Amino acid sequence: MDKTKKRRIQILAASVFWLGVWQAAAVAIGQEVFLVSPVQAIGTLVELLPQAEFWQRIGFSAGRILLGFGLGVVCSAALAVAAEICPAAEILIAPVLQLVKATPVASFIILALVLPAGFWWFALGGALIAAGVWLLRC
């Protein structure tokens, strides 16, 4: 058996194993609100795929993600250029950057979940959240 075929079989076996674990956990919990089974998840996906509204929502979400990513790249590049050109800008940006780097990413996720969605979209703008996350990974 060649190496590629063996690798594909291993990946398939691992996938089947984890689907089995997922199914067993869903059956053990017994409440779809907490953990839906893979069979039901695939069934719902099959129902949603032909619906135009499903694809519109996917497109809208993808657009927001790309907008946030793009804004993060532009803001990061602008701040990097400013810090490189002007030593005063680097000195001004450094404490804020250190504060952001020291803050655990999980705290931003918790804030995003706890604060009402209206706060994020109207007070900050949805793209600024993604820009902040992009700055965190620098």
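Values in this text are rule-based calculations from the coordinates and carry no lab data. Computed from a prediction, not measured in an experiment: that's the story for all the values here. Using ideal geometry, Cβ is built from the backbone for each residue, glycine included, and neighbour counts are taken over all protein chains shown.
Brief remarks on what is shown
- Residues in region 46-83 reached by a label modelled at GLN23 [backbone nitrogen below 18 Å; 7 Å Cα→Cβ]: 46
- The protection proxy used here, the mean number of other Cβ atoms lying within 10 Å of each residue, ranks peptides 85-92, 73-80, 98-105 as follows, highest first: 73-80, 85-92, 98-105.
- Debye intensity ratio in log₁₀ form over the Cα atoms of region 1-111, taken at each q of 0.16, 0.21 Å⁻¹: -0.99, -1.14
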